[in-house]
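The next block holds one structure in the form of C-alpha cells; read it before the comments.
Every number here is computed from the coordinates shown, using simple stated rules; none is lab data. Here the structure is a predicted model, which is why all the values come from computation and not from measurement. Every residue, glycine among them, receives a Cβ derived from its backbone with ideal geometry; neighbour counts consider all protein chains shown.
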Amino acid sequence: MKLSKSTKYTMSLVSNNGAHATDIFCDEQDFERFINLLYIANSTAPIALSRLKRNEIYNMPRLRPPVSIIAYCLLPNSYQMILSENEPGGIHRFVHKCSTAYSMYFNAKYHHRGTLFESNCRIKKIDNNRRVRELIREIHLKPFVGNGQKIVKSKNSDLVAAIDYSSVYAYSSMRDYLGEDRNENAIVTPLAADELSHL
C-alpha cells in the first residue's frame, strides 16, 4: 500500500459514542456497514451503497473526497478517527453524511427510534504535530483497552500484549499501517514512516 507523503498536518481527532451508553455496532454487519461508509461517504457524490456489490465498493471512484482519513477505530459503543480536511468544512460535511447514512441503516434494521449517537461528534483540532503519532498509536490500541485491559507504560509486556491483540482487530486501520493487503486499504491515507519520525 502506498503511504502518503503529502499530508499537511492540519488534523483533528473526531469521536462519538452511542446515546445513553448503548452500542452503535451490534454485529459484524454493522461494523462493516460503517467501514464501507468511511470510504463511500468520503465523496461529494451521493451515497448509493445499496446498488453496489460487496466486491465493488472499494473500486468505486470518488469525487473530491472532503477529508483524508489518517486512522480510525470502531468499538461496539464508539468510534474515533483522525481526519485531515481537504477543503474548508470538509470534516463536518463528511461526518454528517456518514452518521446520517449509518443512522438510517441502523434505524431500519433494528426498528430503532430516537437518537443513535450521544451528541454532535467531538472534533478536537490537533495543534501539536507531535501529538499525531501518539494519537495514531492510542487509536490503534483502543481494542485492547476497550476489552477491559490496561497498559502500564513502564511494562513492556503490556505494550506487546496490546499490539498483539489490536493487530488482528478487524475494525481499525492498524492492519493497514502494518502493511496487510486488504480492500480497506483504500479508506486510509496513512502517514509514511519518515513523516511519523519527524513529528
Say each of Val160 and Ala21 gets a label point 7 Å from the Cα, pointing the same way as Cα to Cβ; how far apart are those two points in nm? 3.5 nm
Would region 2-88 count as rounded, prolate or oblate if I go by the C-alpha gyration tensor, calling it rounded below 1.5 in a/c and otherwise prolate when a/b exceeds b/c, oblate otherwise? oblate
HN-Hα J couplings of region 27-32 from phi, Karplus 6.51/-1.76/1.60, θ = phi - 60°, integer Hz, Gly and Pro as x? 8, 4, 4, 5, 4, 5
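Pop the C-beta distance of Ile123 and Asn183 into the FRET formula with R0 = 35 Å and round what comes out to the nearest 0.05.
Given R0 = 35 Å and the Cβ-Cβ separation, E is 0.80.
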Work out from phi, with θ = phi - 60° and the Karplus expression 6.51 cos²θ - 1.76 cosθ + 1.60, the ³J(HN,Hα) of each residue of region 64-69, listed in order in whole Hz, and give x for Gly and Pro. 6, x, x, 9, 10, 8
Counting each DSSP H run of 4 or more residues in the chain as -39500 (n - 2.57), what helix-only mean residue ellipticity at 222 nm follows after dividing by all residues, to the nearest 500 deg cm²/dmol? -10500 deg cm²/dmol
Entry for Kirkwood radius over Cα pairs in Å (calculated from the structure that is shown) out of [x] 20.5; [y] 18.0; [z] 17.4: [z]
Once you put a point 7 Å from the Cα of Asn107 and another 7 Å from the Cα of Ala48, both along the Cβ direction, what distance in nm separates them? 2.4 nm
